[in-house]
Amino acid sequence: MMHRIKNLLLRYPMCRSFHELPALYRGYASSAVAGVSRRVVQGRRYGTQAAAEPFINGSSSAYIEDMYEAWQRDPNSVHKSWDSYFRQTARGAPPGQAYMAPPALRPMTSAVTAAYPGHAVEQGLPVDEKTIEDHLSVQSIIRSYQIRGHRMAQLDPLGLETSHEEKELQVQYYNLEEGDLDRVFRLPHTTYIGGNEAVLPLREIIRRLQNVYCRSIGVEFMFINNLQQTDWIKQKFETPGIMQFSQEERRMLMARLIRSTRFEEFLARKWSSEKRFGLEGCEVLIPAMKTIIDASSAIGVDSFIIGMPHRGRLNVLANVCRKPLEKIICQFDSKLEAADEGSGDVKYHLGMSHERMNRVTNKNIKIAVVANPSHLEAVNPVVEGKARAEMFYRGDTDGKKVMPLLLHGDAAFSGQGIVYECLHLSDLPAFTTHGTIHIVVNNQIGFTTDPRFSRSSPYCTDVARVVNAPIFHVNADDPEAVIYVCKVASEWRSTFGKDVVVDLVGYRRFGHNEIDEPMFTQPLMYKKITKQPTVLAKYAETLINNGVLTQQEYEEEISKYDKICEEAYSLAKKETAVSNIDWLDSPWSGFFEGRDPMLLPVTGIAEETLKHIGTVFSTPPADFVIHGGLKRVLKARAEMVENRTVDWALGEAMAFGSLLKEGVHVRLSGQDVERGTFSHRHHVLHHQTIDKKTVIPLNTLYPDQATYTVCNSSLSEYGVLGFELGYSITNPNALVIWEAQFGDFVNTAQCIIDQFISSGQAKWVRQSGIVLLLPHGFEGMGPEHSSCRLERFLQSSNDDADYFPPEGPNFEIQQLHETNWFVGNFTTPANFYHAMRRQIALPFRKPLIVCTPKSLLRLPEARSSFDEMVTGTRFQRLYPETGEAAKSPEAVKKIVFCTGKIYYELIKERETRQLNPDIAIARIEQLTPFPFDLVKAELEKYPKAIVCWAQEEHKNMGAYSYVEPRIRTVFRKLGIRRRVEYAGRFASAAAATGNKQMHLIELSQLYDAAMNTSPRLSEEDF
C-alpha cells in the first residue's frame, strides 16, 4: 500500500507534498496511511501536510503535527478517515484498532464502476486504484503539454525544422492505451482547456492541448516561478475559442500586410542594387508591431520608444511610425548633401521621433525610433534609459504611459552579451522600465552561420528565461497567430510590468543584404525559399476562400498603396538636400530658443549657498544611527565648511546641490557610487540598526529642489553606460553621470563610447551632456587599476592638431561648439565643481570625460577655497605657474606641462631639488578642446625655457601623442623652432607594472627627466 501512495505523489508531479493532492486522492492516501500505522501515542499531535511522506521515506516517526491541531479545532477540517482515527484514539482504542474505513471508501463488492473518481463518490460507488492512477496520468499529460508542447509546435514556415519527439507527450508513456482515448476524465484546476466543461474524453483533451501548444504557437512559460503568472498565461491560450478575429480585424491585418510587403517590393523595383536590409520573409513584423502599439495604446500607453537593428528599419519608419515616405525615399539619392551639421549615417541606422493619432484607439501617441549603429543590440540599453528618463519626468511610476519596444535578430539575441546585461536591469529599482516587449525577427540564420554553429541553447531566446520572461514562439507565416500573441504580450506587460519575448520564426528571402548570395552557404534552405509564397499571398488566399474579401478588393488595396509610394517617389525628386534634423530621435523642444550660443557661462554661486549645502551635507540626520567612522568624516567636512575650504567629495556635493537648488535633476549611477569606490562620497547614509533605512542628505537641501538620484548599479559597464546615455538624451536640463568603479573598467563599455558618445552628434545630430567619471592615476596598483585609457578618448577627439583656431573674444566658446566632447584631468575640487555646473550652464550639450583622481581625494594640497567657487568664478582650462618661476620668467630654464595628479608630485620633487626658480610647471586641466591660446601665452612668457611634457602614463599612452603635435602647432604660430621633450614611462604593452618596486623606479626616472634643465638635443637635431 505504501508503494501505491508513493506512486500517487510521483504520478502527480505538480503536487510537492501529500497535502497538495486533490481532496479525493488525499482521502484515499490518508486512509491507507491510517490503516497501516502501528505507531500512535495517545495525546500526541499528528500531522497532515506530508502524512504519506514518512512512509515514502521509510520513517514512520516523522509525523507532521498540523493535522491533529486542525482536528482539535474543527473535526470537519480533516478527512473522514483521520476524523475516525483521532476519535478512536482519543477514546483509548489501541493503535491497531483505531482505524475505521470511512463510508465513502467501501470495499469493492459491486461490479458497477465509475467514469471518473468524482462521479464514483457522487454515486456512492467504489473507486479502483487504476482509475485514480489514470486520472493522475492525464493530469501529468496536461502538464507535460504545458511544459514541453512548444517542442512539437509547427513554428518553421519553411518546414525545415522537424518537430521534436517528446515521449512525455505520448499516452503510452503513462501506461494508457488506445482504448483509453475515449474514456472520460475530470479536468484538474490547473488547466482551462475545458472551458465550462468539467470532464472530457482523453482524445478531446489531447486534441485541445495540441491545438493550443503544438500548432503555430509555442508557449514557453512553465519555468516561471510565479503561480499567478503561469495561471494567467494558461488562461490566455487554453480557454476554448479565445483566439477569435472579426472580419474587420482580418481585413485590417490584410491591409497592414499589403503595406509591409509592397513597400519592400517598391524599393526593390526602384533601387535593385541598393542595400536596404528589407523585411522579406518576415513581413508580418509590421502588423505585429502595430498590434502591440494598438493594444498598449488602448490600455493607456502613449509613448513608445523603439530600438531595432537595420533589418526592416525603413519599413518600420514608413508603416509603423508613418514617417513621410518622401523623407525616406530621398535618402536613396547619393547626390544630396546634408543641409545641416553632421556627417550623417546610412539610412538604415537613422532614428526619428513622431507624434500622430492612432486610428484604432483614436488617441495621440508618440513614437521614437532610436538611432543606432551596426553594432547589434548596442541600442538596447539606450532605449531602456531613454524610457526610464521619460517615465521619471512624467511621473509615470509604473510604466503605464511609456513603453520600450526592442527588436532583435535571432543570432544577435543569443550571441550578444548586452542582451543579458539589459535583462538583468529590468527589475532593478533604479533601472526598471516596468517591462519591455522584445520581438525577435528570427531568420533561422545569422549572417551566414547556421544556428547549430552559433549558439548552444535550443532556442535563441533562452537567455530571457533568467528573468522569468515568458517566451511566445510563433510561426511568422500564420498572421493571426502572430497578432494574438502580440495582444497577449501587451496585456502581460501591462498586467505584470515584466519583460516578454515574441519570437517571430520566419526566414530571410534574400541574403544578409539584397546584393548578397545566400546559396553559397545555405543551398537547401534557399532552394526552399525560392518556392515559398509570401505570407501576403497565403493569407489573401485564405481570406478570399473564406469570403472575408474579394479578389477585386484585394487588388484595389494593393493598387491604392502602390499609388501612395509612386506619389512619394515624385515628391522625393524635388528634395535638394537632406536635413539630418528630420531624423532626430530625441528632439529638445524649445531648448535652443532664446539662448545666446556664444555666451560663455560664469559658474560660481553665492557663498551662503555653498555654506548651506556644505552644512546640510556634513550634518548627521536627527534620530539616525550612523557608523562611527562616518561621524568622523562628517565632522571633518563641517570643519572644512567652517574654514571655507573643500575637498573633492565636498566640491562634488556643492556642484550637485547647487544644481538641485536651480531645479536641475542630477542622476549618478555606477558600481558602488553611493558610498564611492574609495569610501569618500557617502551620499547615502545607512542606519546601523534598522535594515533598508537610509537618508540622502542632498535630497533634503531645499523644500522645492529637484530630485537627486544616486544608485548603485549592477556589475555592468556596457549596459549601464548605455542606459545612462539614453537617460541623458531625453532631457537636456539634467546632469546625468556614470562613474566607473575604476577607470580601467570602461574598456567593456567601449562600444557605447565609440558608437554613441564620441560620434553621436556627427552621425545623428544627437547631443548629450552625459558625464563619465573615470578614476585614473598610477599609484602602483597594477595594470587594471591605474589607467582609464585617456589616450583613447583623446584619439577620438575631432580637433585638428595642426590647426590653431582664430584668436579673439569667442575663442573658447567657439572651440566648445566645434568639439565632439570635452576631456579633462582636473587637479582641484573647484575646477571639478565648475566643470559639473558648466555642463548645464552651456547653451548646448556635449559629453564630458573626466579622469577623476584617487590619491587627490584626500591629499591636503588638493583642496580649494570658497574664493575659487563663489559668484564671478569659472572653469579654468589651464593653471599657469604662479610660484617663484613666474616672478622671473626670463631666467626660467624649463617649463613643464602636465595634467592630473602628477602635478603635485612634480611640485614636491621641484621643492626637494630646490629648482623652484628654474622650472615652471603648468597644468592643462582641459585637454579637449586643446587650450592653444593659453599654452601660447605660457610659451611666450618663458622665451628661453626648454619645453617638456610630463606624464605618469607610458609614452604610447596618456596624453603625450595628443599634446605634442598641438604644442608644435603653437610653436609654428609663434614662429619659433623648438622641440617638446618627454618625461614619463617608456612605451609598453601593459597599462602599468604590477611590481611595486618597478613602479617606484619608473617614477624616479620620470622625475629625473622632468627636473633635468639641460637640453637633450641641440637645435640642429630638432
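Coordinate-derived values only; no laboratory data. Note that the coordinates shown come from a computational prediction; the quantities given were computed from them, not determined experimentally. FYI the Cβ positions are ideal-geometry reconstructions off the backbone, even for glycines, and counts take in every protein chain you see.
Taking amide H atoms as placed 1.01 Å from N in the peptide plane, the amide H of Asp503 lies under 5 Å from those of Val440, Phe472, His473, Val474, each 5 or more residues away in sequence or on another chain. Scalar couplings 3J(HN,Hα) for segment 636-651, obtained by applying the Karplus form with A = 6.51, B = -1.76, C = 1.60 to θ = phi - 60°, are 5, 5, 4, 5, 5, 4, 4, 8, 6, 10, 9, 9, 4, 5, 6, x Hz; x denotes Gly and Pro.
Write down, largest first, the equivalent ellipsoid semi-axes of segment 480-537 in whole Å, where each equals the square root of 5 times an eigenvalue of the alpha-carbon gyration tensor.
Values: eigenvalues 221, 38, 14 Å².
The equivalent ellipsoid of segment 480-537 has semi-axes of 33, 14, 9 Å.
Rg/Rh, computed from the Cα trace of segment 182-315 with Rh as the Kirkwood radius, has the value 1.10. Neighbours of Ile193, meaning other residues whose beta-carbon lies under 15 angstrom from its beta-carbon, give a summed charge of +4 when Lys and Arg score +1 and Asp and Glu score -1.
The ellipsoid that matches the Cα gyration tensor of segment 431-564 has semi-axes, each √(5λ) in whole angstrom, of 30, 25, 13, with the longest given first.
The loop-placed chymotrypsin sites (Phe, Trp or Tyr not before Pro) in segment 962-1012, going by DSSP, that have at most 15 neighbouring Cβ atoms within 10 Å of their Cβ come out as Phe986. Altogether, the Stokes-Einstein calculation at 37 °C and 0.692 mPa s, with the Kirkwood radius of segment 844-901 over Cα pairs as Rh, returns a diffusion coefficient of 221 µm²/s.
With N residues in segment 884-1021, what two-decimal value do you get for its Cα radius of gyration over 2.2 N^0.38 Å? Working shown, then result.
Values: Rg = 14.6 Å, N = 138, 2.2 N^0.38 = 14.3 Å.
The reported ratio for this selection is 1.02.
For segment 963-1002, the set of trypsin sites (Lys or Arg not before Pro) satisfying both a DSSP loop assignment and a count of at most 14 other C-beta atoms within 10 Å is given as Arg977. Ordering of 237-245, 724-732, 871-879 by packing is 724-732, 871-879, 237-245, highest average first (other Cβ atoms within 10 Å, averaged per residue).
The phi-based Karplus calculation (6.51 cos²θ - 1.76 cosθ + 1.60; θ = phi - 60°) puts the 3J(HN,Hα) values of segment 310-318 at 6, 5, x, 4, 4, 5, 5, 4, 6 Hz, whole numbers, x for Gly and Pro. In terms of its Cα atoms, segment 579-656 spans 60, 26, 20 Å along the principal axes, sorted from long to short.
Across all Cα atoms of segment 520-562, the radius of gyration (one decimal) and Dmax (whole number) stand at 14.6, 43 Å. Among the listed pairs Lys323/Lys560; Lys327/Lys400; Lys846/Lys901, those with a Cα-Cα distance over 20 Å are Lys327/Lys400; Lys846/Lys901.
Report note on the peptides 928-935, 659-666: ranked by the mean count of other C-beta atoms within 10 Å, highest first, their order is 928-935, 659-666.
P(r) for segment 247-581, from all Cα pairs and a bin width of 20 Å, is 31, 61, 8 %, short bins first. A Cβ-based charge dipole, computed about the Cα centre of segment 247-581 with Lys and Arg at +1 and Asp and Glu at -1, lands at about 140 debye. Restricting the calculation to Cα atoms, segment 496-628 yields a radius of gyration followed by a Dmax of 31.2, 83 Å. Counting only residues at least eight positions apart within a chain, or on another chain, the aspartates and glutamates with an alpha carbon under 12 Å from that of Lys386 are Asp585, Glu724. Cβ crowding within 10 Å, taken as a proxy for footprinting-reagent exposure, orders Ile418, Ile924, Ile544 from fewest neighbours to most as Ile544, Ile418, Ile924.
In plain terms, the C-alpha convex hull of segment 400-487 casts an average shadow of 6.6 nm² when viewed from every direction.
A dipole drawn for segment 884-1021 from +1 and -1 charges on Cβ atoms has a positive end, and of His999, Thr928, Ser1014 the residue lying farthest that way is Thr928. Close amide H contacts of Thr709 (hydrogens built in the peptide plane, cut-off under 5 Å, sequence separation of 5 or more or a different chain): Val666, Arg667, Leu668. Here segment 167-229 was treated as a single set of alpha-carbon atoms; its pair distances binned every 5 Å from 0 give 4, 15, 21, 25, 21, 12, 3, 0 percent. Over segment 617-711, the fraction of Cα-Cα pairs per 5 Å bin, rounded to whole percents and listed from the shortest bin up, is 3, 13, 23, 26, 22, 11, 2, 0. Subtracting the Cα-Cα distance of Lys635 and Thr495 from 0.36 nm times their residue separation leaves 45.5 nm of extension gain. A cut-off of 5 Å between modelled amide H atoms, ignoring neighbours fewer than 5 places along the same chain, links Val199 with Leu187. Computed 3J(HN,Hα) for segment 476-490, one whole-Hz value per residue from the Karplus formula 6.51 cos²θ - 1.76 cosθ + 1.60 where θ = phi - 60°, is 5, 8, 10, x, 5, 5, 4, 5, 5, 4, 5, 5, 4, 4, 5, glycine and proline marked x.
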